[in-house]
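Chemist: Okay, here's the structure, questions in a sec.
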Amino acid sequence: MAEQRWIPETLFDPEGIRMSYAVERVIHETQTAHQHLVLFEHRTFGKMLMLDGATQVTTKDEFIYHEMMAHVPIFAHGKVRDVLIIGGGDCGIAEEVLKHKSVKRVTQVEIDASVIAFAKEHFPEFTRPVFADKRFESVIDDGMRFVGETDRRFDVIIVDSTDPQGPGAVLFTREFYARCKRCLNKGGILVTQNGVPFLQSGELTATVRHFRRLFKDAACTVAAIPTYVGGHMAMGYASDDTRLRQTSEKTIAARYKKAGRFSTKYWTPAVHRAAFALPRFIQELVDKANA
Ligand code: SAM
């Protein structure tokens with residue numbers, strides 16, 4: 001009887017924390033040009049993708065992060081036509097964004113082509129509807145370079161990056177956020193993957209501090225994602241239109257109705273509003289960064 005293999009998440013080794021997953025079957029494991037990639041079957045979370053020892057996406061809990069990263073900025077804004085996704089190679093966020101029929105164009109800029117090729121084979125539930133949609137455009141490029149050079153402008157920019165290590169490190173810099181701001185239309189919104197504040201407080205504080213220097217409104221939302229170990233996951237939020245974050249639940253519900261009340265498993269108008277109400281220790285991190 002073959003010994004049970006366990007795959008550890010090594011992201012929090014420095015904190016002395018290691019979550020390990022019992023492997024039912026390794027589907028694919030390789031070193032890409034940019035990072036170590038492993039996809040395996042897990043009895044509770046289904047397919048799990050890890051890059052450089054950090055869980056990226058699982059079939060069972062992906063809906064939480066993907067829905068919040070897509071629907072909060074789009075419904076807060078209310079008139080989104082053009083969306084840019086930086087990273088996001090598994091296409092989970094693009095799939096949620098494309099549920100908004102009012103969105104005319106979605107551009108995804110992913111640095112690692114093998115993550116997309118891989119997702120096409122192993123996450124067809126995301127990639128099939130996305131690549132069948134004429135509004136979707138896939139660009140293979142470094143997000144930092146793209147926002148530095150493009151002459152396109154966007155209503156919402158969603159940074160679905162890896163953690164600030166390897167190719168993802170540059171996506172947590174002031175220069176990158178400044179370039180994102182340059183690419184936003186007036187009143188546009190920037191949202192970012194910002195780690196779990198309980199274990200990665202510096203990541204959130206640093207990002208909000210950068211936002212504070214670049215935008216009139218700098219904040220974050222939170223959600224609990226089982227495989228993003230450490231409690232609340234923070235999603236950075238920035239805009240020059242300070243009213244958007246205050247949009248009432250009634251208005252959000254009316255916009256959702258107008259959008260045809262497409263199916264969601266986590267996001268609701270009430271959850272949207274609640275996600276900006278931060279637990280005190282996270283609010284204090286944001287306030288400190290805003291000071
Ligand atoms: N939701 C996941 C998380 O929270 O950790 C992220 C998922 S998504 C797969 C992350 C993607 O960012 C990866 O496919 C990675 O290749 C991509 N990425 C990392 N650095 C990048 C860069 N500089 N430009 C564009 N994409 C990048």
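Chemist: Identify, from the list THR242, THR251, THR205, the residue that is at pLDDT 95 or above and in contact with a strand residue (DSSP E or B) (Cβ under 6 Å, 6 or more places away or on another chain).
Modeler: Of the residues listed, the single one that is at pLDDT 95 or above and in contact with a strand residue (DSSP E or B) (Cβ under 6 Å, 6 or more places away or on another chain) is THR242.
Chemist: With (1) touching a Leu at 6+ places or on another chain (Cβ under 6 Å); (2) open to solvent by less than 10 Å² (accessible area, probe 1.4 Å); (3) within 10 Å of the ligand (Cβ to nearest atom); (4) of a type in the set (Val, Ile, Thr) as the list, and THR162 as the residue in question, which single condition is left unmet?
Modeler: (2)
Chemist: On to the next question. I'd like to verify a number: residues in the stretch 222-237 that are more than 14 Å from the ligand (Cβ to nearest atom) and closer than 14 Å to MET68 by Cα, how many?
Modeler: Residues that pass the stated criteria total 1.
Chemist: Anything in the stretch 34-72 that is of a type outside the set (A, V, I, L, M), within 8 Å of the ligand (Cβ to nearest atom) and in a strand (DSSP E or B)? List them, or say none.
Modeler: Passing the criteria: THR55, GLN56.
Chemist: Here is a follow-up. So if I check each of VAL83, VAL115, which one is more than 9 Å from the ligand (Cβ to nearest atom) and under 23 Å from ASN194 (Cβ atoms)?
Modeler: VAL83
Chemist: Would you mind telling me which numbered condition in (1) more than 20 Å from HIS77 (Cβ to Cβ); (2) open to solvent by less than 30 Å² (accessible area, probe 1.4 Å) PRO226 fails?
Modeler: (2)
Chemist: Assuming LEU51 fulfils every condition listed in (1) modelled with pLDDT of 95 or more; (2) in contact with a strand residue (DSSP E or B) (Cβ under 6 Å, 6 or more places away or on another chain); (3) more than 24 Å from LEU244 (Cβ to Cβ) apart from one, which condition is it?
Modeler: Of everything listed in (1) modelled with pLDDT of 95 or more; (2) in contact with a strand residue (DSSP E or B) (Cβ under 6 Å, 6 or more places away or on another chain); (3) more than 24 Å from LEU244 (Cβ to Cβ), LEU51 misses just condition (1).
Chemist: List, please: which pairs have Cβ atoms under 7 Å, are six or more places apart or on different chains, and start with a residue in the stretch 168-193 that is more than 13 Å from VAL147 (Cα to Cα) and touching a residue at least 24 places away in the same chain (Cβ under 8 Å) and end with one that is open to solvent by 40 Å² or more (accessible area, probe 1.4 Å) and within 12 Å of the ligand (Cβ to nearest atom)?
Modeler: So the pair list comes out as PHE172/PRO164.
Chemist: Are there any helices (runs of 4 or more DSSP H) wholly within the stretch 249-291 with 2 or more residues that are more than 21 Å from the chain's Cα centre (by Cα) and touching a residue at least 12 places away in the same chain (Cβ under 8 Å), and if so which?
Modeler: Counting at least 2 such residues, we get 249-258, 280-290.
Chemist: Among the residues of the stretch 102-121, how many are outside any strand (DSSP E or B) and over 19 Å from LEU49 (Cβ atoms)?
Modeler: So the answer is 3.
A quick yes/no check of all residues on (1) modelled with pLDDT of 95 or more; (2) under 16 Å from the mean Cα position of the chain (by Cα); (3) open to solvent by 30 Å² or more (accessible area, probe 1.4 Å); (4) of a type in the set (A, V, I, L, M, F, W, C):
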{"site": "GLU137", "(1), (2), (3), (4)": "yes, no, yes, no"}
{"site": "ILE140", "(1), (2), (3), (4)": "yes, no, yes, yes"}
{"site": "ARG145", "(1), (2), (3), (4)": "yes, no, yes, no"}
{"site": "PHE154", "(1), (2), (3), (4)": "yes, no, no, yes"}
{"site": "ILE157", "(1), (2), (3), (4)": "yes, yes, no, yes"}
{"site": "ARG179", "(1), (2), (3), (4)": "yes, no, yes, no"}
{"site": "PRO197", "(1), (2), (3), (4)": "yes, yes, no, no"}
{"site": "PHE211", "(1), (2), (3), (4)": "yes, no, no, yes"}
{"site": "LYS216", "(1), (2), (3), (4)": "yes, no, yes, no"}
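Chemist: Only one of these conditions is not met by PHE126: (1) closer than 17 Å to TYR65 by Cβ; (2) more than 14 Å from the ligand (Cβ to nearest atom). Which number is it?
Modeler: (2)
The values are calculated or read from the model by the stated rules, or taken from the named source; none is laboratory data. Worth saying up front: this structure is predicted, and the values here are computed from it rather than measured. Because the Cβ atoms are built from the backbone with ideal geometry, glycine has one as well, and the counts that use them run over all protein chains shown. For accessibility, only protein heavy atoms count, side chains too; no ligands or nucleic acids. Shrake-Rupley method; radii C 1.70, N 1.55, O 1.52, S 1.80 Å.
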